[in-house]
1. For the range 228-300, which helices (runs of 4 or more DSSP H) that fit wholly inside it have 3 or more residues that are at pLDDT 95 or above, out of contact with any His (no Cβ under 9 Å at 6 or more places or on another chain) and under 25 Å from SER30 (Cα atoms)?
2. Is it fair to say ASP87 is modelled with pLDDT of 95 or more, out of contact with any Gly (no Cβ under 7 Å at 6 or more places or on another chain) and away from ligand 1 (no atom under 16 Å from the Cβ)?
3. If the requirement is being within 16 Å of ligand 1 (Cβ to nearest atom) and either in a helix (DSSP H, G or I) or without any contact (Cβ under 8 Å) to a residue 40 or more places away in the chain (or both), which of these qualifies: SER117, SER57?
4. In the range 29-54, what residues are assigned to a loop (DSSP other than H, G, I, E, B) and among the charged types (D, E, K, R)?
5. Residue check: is ALA210 farther than 30 Å from LYS35 by Cα and surrounded by fewer than 16 Cβ atoms within 10 Å (Cβ to Cβ)?
6. Any residue in the range 266-274 that is touching an Asp or Glu at 6+ places or on another chain (Cβ under 9 Å) and within 16 Å of ligand 2 (Cβ to nearest atom)?
7. Which of the residues belonging to the range 155-214 are part of a helix (DSSP H, G or I), under 16 Å from TYR127 (Cβ atoms) and of a type outside the set (A, V, I, L, M, F, W, C)?
8. Just one of (1) part of a loop (DSSP other than H, G, I, E, B); (2) within 25 Å of GLN106 (Cβ to Cβ); (3) out of contact with any helix residue (DSSP H, G or I) (no Cβ under 8 Å at 6 or more places or on another chain) trips up GLY149, so point out which.
Amino acid sequence: MKHLLKLADLSREEILTILNLADQLKYERSHGIRKEYLKGKKLGMIFQKSSTRTRVSFEAGMYELGGYALFLSNRDLQIGRGEPVEDTARVLSRYLDGIMIRTFAQKEVEDLAKYGSIPVINGLTDYCHPCQVLADLMTIREKKGAFKGLKMCFIGDGNNMANSLMVGAVKTGMAFSIACPAGYEPDAQLVAWAKENGSFTMTTDVCEAARDADVVYTDVWASMGQEEEKAKRERAFAGYQVNEAVMRAARPDAMVLHCLPAHRGEEITADVFEAHADEIFEEAENRLHAQKAVLCKLMQ
Ligand code: CP
Ligand code: NVA
């Protein structure tokens, strides 16, 4: 494993190895054991979009591992003024030991890896969000013990989260169902892959998707970069909400996950959110542990 560009690049074994190391790092941190696995290593963090969790968990994670993280906003970098990614990649490779990037086009992340000579980590693109899904898988395994036999359902937009979650579910052996409005399906190639390699269903009926689900997942109706479509999306997604009716269709012990930030009253009701807040914030915490594991795998 040289980079983390998308979850589909990782084998089931590589995913499980990261999750096992993440569990170990979480244990060590909670017992005051501090090991500087990345002593003196430097991570550049390029942000072309906003972030709370990704930025802070990577920065805190590098600090805890004995390394250093540089926050590089596109407002300050020459990349924001049009310097080609090929050149940025070759320059940063001479200063740093790794790059994390959050941006729009998946191709930009792939190009950074192609032209640079250091590990690249995808911190979210319009296409996928692999770091988030590693934390999600960690949270599911913590709570449910194993993946086999579980059903995960996703209610809402077939966006970057849906794309990564379906890959994560198939790779770990969970059944995956998605309810989304027509025209807002996940990536067609990933849908074909998921159908061929796992148990995958897609419907426009939220309760059908949620039936007997062990994990209920949702995300915002309008992602970063889609602000202008907000009103149109509010109409398209009306009813695509994790609420009491959806939770009644799911298993009684179903967990609810949300990558955050959440919009209460849109994709999830305030009641369901608060009833499952412990799971959702454990999931947010697990970003730190899962990413520290990724950093160790790539940069040690
Ligand atoms: N879930 C997530 O990636 O959050 P941020 O946008 O705050 O990084
Ligand atoms: N789909 C959301 C996820 C945020 C973590 C977005 O891209 O804005």
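The values are calculated or read from the model by the stated rules, or taken from the named source; none is laboratory data. Note that this is a predicted model, so its numbers are computed, not measured. Methodologically, a virtual Cβ is constructed for each residue, glycine included, from the backbone with ideal geometry; neighbour enumeration extends over all protein chains shown.
1. 277-299
2. Judged against the criteria, ASP87 is a match.
3. SER57
4. ARG34, LYS35, GLU36, LYS39, LYS41, LYS49
5. no
6. Checking the range 266-274: at least one residue is touching an Asp or Glu at 6+ places or on another chain (Cβ under 9 Å) and within 16 Å of ligand 2 (Cβ to nearest atom).
7. Selection gives ASN160, ASN163, SER164, GLY168, GLN189.
8. Of the numbered conditions (1) part of a loop (DSSP other than H, G, I, E, B); (2) within 25 Å of GLN106 (Cβ to Cβ); (3) out of contact with any helix residue (DSSP H, G or I) (no Cβ under 8 Å at 6 or more places or on another chain), the odd one out for GLY149 is (2).
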